[in-house]
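Student: Handing you this structure, nothing more for now.
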Amino acid sequence: SYRARTKGLLGRDSVDGAMLLTPANSVHTFRMRMAIDVAYLDRRLTVIAVRTMRPGRLGLPRPRARHVLEAEAGAMIRWGVRVGARIALEDE
């Protein structure tokens, strides 16, 4: 929902899993308490960039990105998410 997306990861000290923002081609970490990993995805959910962002940062827009996957810092490396990988979504 719009409300959930507006709140996002604000006020959290950790994240269990990841959050997919769609549509989105950039994010910010203003008012966040923790660093996050950000994977920018194209229309086919292929990773086009991966960044770790500290609190208080503004990410540059990625013109080809249609979705952004956010997770706790270090998660993308643990999960093997890198440029060229394709993300699969699963419901819990």
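Student: Please work out which one of (1) touching a helix residue (DSSP H, G or I) at 6+ places or on another chain (Cβ under 8 Å); (2) modelled with pLDDT under 95; (3) surrounded by fewer than 16 Cβ atoms within 10 Å (Cβ to Cβ); (4) not acidic (Asp, Glu) is the condition Arg82 fails and give its number.
Tutor: The one condition Arg82 does not meet is (2).
Student: Within the stretch 14-29, count every residue that is modelled with pLDDT of 85 or more, more than 14 Å from Leu89 (Cβ to Cβ) and in a loop (DSSP other than H, G, I, E, B).
Tutor: 6
This table checks each residue for (1) farther than 13 Å from Ser26 by Cβ; (2) modelled with pLDDT under 95; (3) loosely packed, with under 15 Cβ neighbours inside 10 Å; (4) out of contact with any Gly (no Cβ under 6 Å at 6 or more places or on another chain).
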position: Val38; (1), (2), (3), (4): no, no, no, yes
position: Val50; (1), (2), (3), (4): yes, no, no, yes
position: His67; (1), (2), (3), (4): no, no, no, yes
position: Glu72; (1), (2), (3), (4): yes, yes, no, yes
position: Ile77; (1), (2), (3), (4): yes, no, yes, yes
position: Arg86; (1), (2), (3), (4): yes, no, yes, yes
position: Glu92; (1), (2), (3), (4): yes, yes, yes, yes
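Student: Take Thr46 and tell me if it is at pLDDT below 95 and among the polar types (S, T, N, Q).
Tutor: No, not satisfied.
Student: Next question. Looking only at the stretch 38-63, which residues are assigned to a strand (DSSP E or B) and either farther than 22 Å from Gly80 by Cβ or free of Cβ contacts under 8 Å to residues at least 40 places away in the same chain (or both)?
Tutor: Val38, Tyr40, Ile48, Ala49, Val50, Arg51, Thr52, Met53, Leu58
The values are calculated or read from the model by the stated rules, or taken from the named source; none is laboratory data. This one's a predicted model, so the numbers in the text were calculated from it and none came from an experiment. Virtual Cβ from ideal backbone geometry, glycine too; neighbours counted across all protein chains shown.
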